[in-house]
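**Student:** Structure incoming, see below.
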Amino acid sequence: VPMFGRSVEFPADSLPQKELVRHIETTLARSLYNCDENAAYSGTALAFRDRLIIEWNKTQQRQTFNDQKRVYYLSLEFLMGRALDNAMLNVGLKDAARDGLKDLGFRIEDVIGQEHDAALGNGGLGRLAACLLDSMATLNYPAWGYGLRYRYGIFKQEIVNGYQMEVPDYWLDNNPWEFPRHEITVDIQFYGCVRKYQAENGKIMHSWEDAEIVQAVAYDVPIPGYGTKTTNNLRLWSSKASSGEFDFQKFNAGDYESAVADEQRAETISAVLYPNDNLERGKELRLKQQYFWCAASLYDIVRRFKKSKRAWSEFPDQVAIQLNDTHPTLAIVELQRILIDTEGLEWDEAWNIVTKSFGYTNHTVLPEALEKWSVPLLQNLLPRHLQIIYDVNLYFLQIVEKRFPNDREMLSRVSIIEESHPKMVRMAHLAIIGSHKVNGVAELHSDLIKTTIFKDFVEIYGPDRFTNVTNGITPRRWLHQANPRLSALIAEKLGGYEFLTDLTLLDKLEAFVDDKKFRTEWAEIKSANKLRLARYIKETTGFSVNPDALFDVQVKRIHEYKRQQLNIFGVIHRYLTIKAMSAEERKKVVPRVSIFGGKAAPGYWMAKTVIHLINKVSFVVNNDADVGDLLKVIFIEDYNVSKAEMICPASDLSEHISTAGTEASGTSNMKFVLSGGLIIGTCDGANIEITREIGEQNIFLFGTLAEDVEELRHRHVYGQTFQIDSQLAKVFEAIKGNMFGDAGDFSALTASVEQHGDFYLVSDDFNSYVTTHEMVDEAFKNREEWLAKSITSVARMGFFSTDRVINEYADSIWNVEPLEVGKD
Ligand code: DL6
């Protein structure tokens, strides 16, 4: 089996080397003798891009000609990572590219490493969107993604003296993967006022006037499927002053500054990704971003539909729009506005079309992440939309009142408008009312939304409006690309790479669990991946780690609910325990490397304090010769998709330890298991389904169950005394004794447990967390058993492919069919 299976047949003489040399010499005007890795990257990318463009054009023609129902996936975030490696694998010519580059004196890994991550997202939500795009293309669904072309993606993180610093991420220089479509522009309105008028037929209509106009310009990114020629489109909108140039009248009148300011104000809309994960801040610019992107996308979708000259009633048969969380909820209002104000449909007819077309995916139950926009802000920015929202609410509440007469409480709970000061528009309510299906992203999460935040809506609409689609990951990137040797070993055993498009085939691996040679190879691959990470750690942090130690990884956004603080307190506990051991006792200790990575939102002080503590502990522990290799603590700077591709295959154990009921799903849990790592986790999100699939004996579960969380929180605040866990108390003593620098720096962390009600149940779960880690150590000592768990788990991960996820959305929410790809 070749290292990288060829997925699409291209003529044998079309090896990329010739094309890459041509691009280096002509497009880049560089001599081969003066070609560095960066130029080699550009040449290779352009060579693969050429291939994608041809298939991309054909796919778009095929989809237009066929004119069947399409899916539009609206997401404010697409965390794509690098494109070249993915393109090489999907086109199926990575081996040829490797050889071609080698002939020219380059290692393919170094060339791939030149690419800047496309980091237009914060974390799980954006990366899920990227995995879904990959699966939609792979399964030949006619699907478009719509997003914003941020000039600055998520910031780059630098750690300076243990503190996180944010550096802007300008990623657009030298980006061969986007195609500006200067001819595809949409004028987007803001502010202004609404005028009522009587149309010729006597009907009262509304027009939105005196608005400020900003132009949306389309940039397209090809999304190649794997093992297919289907190449879908991701359209990202960029903002520009509507004239395209700054205002020459003002300029000529000497008002240069204001002319430039207008230009800059327009460009600001798509300038920067908001760096909050699971947290909303209600900023006007964010609302502008949301409307700008929704309105441009809707205009595009409607324009495409209108070309078919079908009746409006057929719109939902042609169009399925999926809302990735509530960020695109204004699209619901915008479609209703277009239908009634521009197209002249009656309200009910329009609303029927709208609700049949939209689906809404909820990704969080955390109250601080549920979007609300203030009514005065909306009134000013989008006056017509606010009117429509009020009308939607009025008709909805009338229905509710009929069904639940005399239940005023219910009306105020479900109303789109929260009667606060100022009044707020609850976007999740609007998204539910305007969609025909609402889904959560893991079973527990989908149950929780039905029994907590959306309980009333289940009563109103019945349970069928709500469904679950458990998240997944694309095996192409997270197994084949990130862990090529493991993928090749699996292919060798299973007789080919079909598992990459049917992940359930992995179950055949179970037959080899006891195969000695296979196990040895499996272990060898993990060791090599760990060695690579150890080298990277040495290069970037200066710390040497023992590659035979247990690599224990927690990489994800830093958030109190994800409980990196629990992890670092556990590490301190381990450190204190080792320090107190005799030389004899230390011989039995399983050496560990605790690896952390992740960004904190720039304004999230507690999360930044956690990063600071991790770095201080790292400094103290790693420089303690007495502890040596028994424990090392590493913080990997600037965690991103490319680093995840290196880190996931190198874990022995990864941590998914959120307070039960808070992590909607999690997807890195799936990435780690698919690369043969075991996990320690709480009964939360998709951990529960992972456990069901791989078996309880293959996962280390601990901690409070979701159903008990409320009661414990209540007791913390209203109970007689709050007794902190005794082992955790010792950890806090060490911190307070300045063992890791000035204790004052970390007092907020200890106080949040001791004095402020321990909302995240760190103390409640500490004992079972530590005990479970002891079980991990014991299990790791038995290498053969550990390997058996690792192989068995991978064999049982078939359920967690985004291919399964997309088929579920297609069947139960979108009602779309794949488009067969012929030989064109
Ligand atoms: O569904 C993708 C991802 C889940 O895996 C994570 O558990 C969840 O935290 C994340 N949710 C968000 C919500 N943000 N907003 N809005 O990022 O979604």
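The values are calculated or read from the model by the stated rules, or taken from the named source; none is laboratory data. Since this is a predicted model, take the numbers as computed values, not measurements. Positions of Cβ are generated from backbone atoms using ideal geometry, with glycine treated the same way; all protein chains shown enter the neighbour counts. Heavy atoms of the whole protein, side chains included, go into the accessibility calculation; ligands, DNA and RNA do not. Shrake-Rupley method; radii C 1.70, N 1.55, O 1.52, S 1.80 Å.
**Student:** Rank these residues by their accessible area, most exposed first, probe 1.4 Å: Ser374, Ser793, Ser812.
**Tutor:** Ser812, Ser374, Ser793
**Student:** Taking the Cβ-Cβ separation of Ser412 and Tyr461 as r and a Förster radius of 22 Å, what is the calculated FRET efficiency to the nearest 0.05?
**Tutor:** That gives a FRET efficiency of 0.75.
**Student:** For an R0 of 60 angstrom, estimate the FRET efficiency from the Cβ-Cβ distance between Ser313 and Ala743 and round to the nearest 0.05.
**Tutor:** With a Förster radius of 60 Å, E is 0.35.
**Student:** Compute, for the range 426-523, the length of the dipole vector about the Cα centre, with Cβ point charges of +1 (Lys, Arg) and -1 (Asp, Glu) only. Units Debye, rounded to 20.
**Tutor:** Charge dipole of the range 426-523: 340 debye, to the nearest 20.
**Student:** Can you list the DSSP H helices in the chain whose Cα atoms extend at least 24 Å along the helix axis and whose mean Kyte-Doolittle hydropathy is 0.0 or higher?
**Tutor:** 605-622
**Student:** What is the chain by shape, rounded, prolate or oblate, if you read a ≥ b ≥ c off the alpha carbon gyration tensor as root eigenvalues and call it rounded for a/c under 1.5, prolate for a/b larger than b/c, and oblate otherwise?
**Tutor:** Oblate shape, in that a/c is at least 1.5 and b/c is the bigger or equal ratio.
**Student:** If a paramagnetic tag sat 7 Å from the Cα of Gln723 along the Cα-Cβ line, which residues of the range 741-756 would have the backbone N under 19 Å from that point?
**Tutor:** The answer is 753-756.
**Student:** While we're looking at this one, here's another question. Okay, which of the range 665-702 sit inside 18 Å, backbone N to the point 7 Å along the Cα-Cβ direction of Val513?
**Tutor:** 673-679, 690-701
**Student:** Using the crude model of +1 on Lys and Arg Cβ and -1 on Asp and Glu Cβ, and no other charge, please compute the dipole size for the range 163-322 relative to its Cα centre, in debye to 20.
**Tutor:** Approximately 940 debye in magnitude.
**Student:** Extension gain Gln755-Asp187, at 0.36 nm per residue separation less the Cα-Cα distance, in nm?
**Tutor:** Separation in residues times 0.36 nm, less the Cα-Cα distance, equals 199.2 nm.
**Student:** What are the GluC sites (Glu not before Pro) within the range 753-824 that DSSP puts in a loop, where the Cβ has at most 14 other Cβ atoms within 10 Å?
**Tutor:** Here the GluC sites (Glu not before Pro) that fit, given the DSSP loop and packing criteria, are Glu820.
**Student:** Can you give the local net charge around Tyr390? Use residues other than it whose beta-carbon is closer than 12 angstrom to its beta-carbon, Lys and Arg +1, Asp and Glu -1.
**Tutor:** Once positives and negatives cancel, what remains is +1.
**Student:** Take the cross-link list Lys423/Lys455; Lys508/Lys562; Lys402/Lys450; Lys283/Lys608; Lys587/Lys608; Lys203/Lys307 and give me the ones stretching past 24 Å between alpha-carbons.
**Tutor:** Lys508/Lys562; Lys587/Lys608; Lys203/Lys307
**Student:** Additional query: What does the convex hull of the Cα atoms come to per residue for the range 311-462, in Å³?
**Tutor:** In the range 311-462, the Cα hull volume divided by residue count equals 114 Å³.
**Student:** Now for a different question. Express in nm, to one decimal, how much length is gained between Glu419 and Tyr33 on full extension, taking 0.36 nm for each residue of separation and deducting their alpha carbon distance.
**Tutor:** Additional length available on full extension: 132.0 nm.
**Student:** Another question about this same structure. Between the DSSP loop rule and a limit of at most 15 other Cβ atoms within 10 Å, which trypsin sites (Lys or Arg not before Pro) in the range 89-122 are left?
**Tutor:** Arg107
**Student:** To continue, here is another question. Give me Rg over Rh for the range 128-169, both radii from the alpha carbons and Rh done the Kirkwood way, two decimal places.
**Tutor:** Dividing the radius of gyration by the Kirkwood radius yields 1.25.
**Student:** At 1.4 Å probe size, put Arg127, Arg304 in order of accessible surface, largest to smallest.
**Tutor:** Reading off the accessible areas and sorting them downward yields Arg304, Arg127.
**Student:** Let me check something: with ligands and nucleic acids excluded, how do Asp210, Asp725, Asp169 order by accessible area (1.4 Å probe), largest to smallest?
**Tutor:** Ranked list, largest accessible area first: Asp210, Asp725, Asp169.
**Student:** Further question on the same structure: Around Ala795, what is the net charge, scoring Lys/Arg as +1 and Asp/Glu as -1 over all other residues with Cβ under 12 Å from its Cβ?
**Tutor:** So the environment of Ala795 carries a net charge of +1.
**Student:** What shape does the range 735-816 take by its C-alpha gyration tensor, where a ≥ b ≥ c are the square roots of the eigenvalues and a/c under 1.5 counts as rounded, a/b above b/c as prolate, and the rest as oblate?
**Tutor:** In terms of gyration-tensor shape, oblate.
**Student:** Taking 41 Å as R0, compute the FRET efficiency from the Cβ-Cβ separation of Thr577 and Thr540 and round it to 0.05.
**Tutor:** The pair Thr577/Thr540 has a calculated efficiency of 0.90.
**Student:** Additional query: So if each residue of separation counts as 0.36 nm, and I subtract the Cα-Cα distance between Glu817 and Val160, what length gain in nm does that give?
**Tutor:** Taking Glu817 through Val160 to full extension adds about 231.4 nm, to one decimal.
**Student:** Charges on Cβ only, +1 for Lys and Arg, -1 for Asp and Glu, centred on the Cα centroid of the chain; of Leu479, Phe722, Leu273, which one is farthest towards the dipole's positive end?
**Tutor:** About the Cα centre, the residue reaching furthest to the positive side is Leu479.
**Student:** For the range 307-376, which whole percent of the accessible surface, found with a 1.4 angstrom probe, sits on carbon and sulfur atoms?
**Tutor:** Carbon-and-sulfur percentage of accessible area, whole number: 49.
**Student:** Now a separate question. By its C-alpha gyration tensor, with a ≥ b ≥ c as the square roots of the eigenvalues, how is the range 37-181 shaped: rounded for a/c under 1.5, else prolate for a/b larger than b/c, else oblate?
**Tutor:** Verdict is oblate for the range 37-181.
**Student:** Considering the options His573, Gly192, Gly100, tell which one lies farthest towards the positive end of the dipole of the chain, charges being +1 on Lys and Arg and -1 on Asp and Glu at the Cβ, about the Cα centre.
**Tutor:** Gly100
**Student:** Same structure, new question: Near Glu314, within a Cβ-to-Cβ distance under 14 Å, what is the net charge of the other residues, with Lys and Arg +1 and Asp and Glu -1?
**Tutor:** Taking every other residue near Glu314 into account, the sum is +4.
**Student:** Return, ordered by residue number, the residues of the range 202-245 whose backbone nitrogen is under 17 Å from a label point located 7 Å along Cα→Cβ of Glu346.
**Tutor:** 202-205
**Student:** What is the Cα centroid distance between the range 137-161 and the range 706-754, reported in whole angstrom?
**Tutor:** About 37 Å separates the Cα centre of the range 137-161 from the one of the range 706-754.
**Student:** Let me ask something else about it. Quick check on the chain: helices-only [θ] at 222 nm, where DSSP H runs of length 4 and up contribute -39,500 (n - 2.57) each and the sum goes over total residues. Nearest 500, please.
**Tutor:** Per the formula, -13500 deg cm²/dmol.
**Student:** Moving on to the next point. Per residue, how much accessible surface does the chain expose to a 1.4 Å probe? Answer in Å², no decimals.
**Tutor:** That works out to 39 Å² for each residue.
**Student:** Give me the one-decimal nm value for the distance between modelled label points at Arg265 and Asp708, 7 Å along each residue's Cα-to-Cβ direction.
**Tutor:** 5.7 nm
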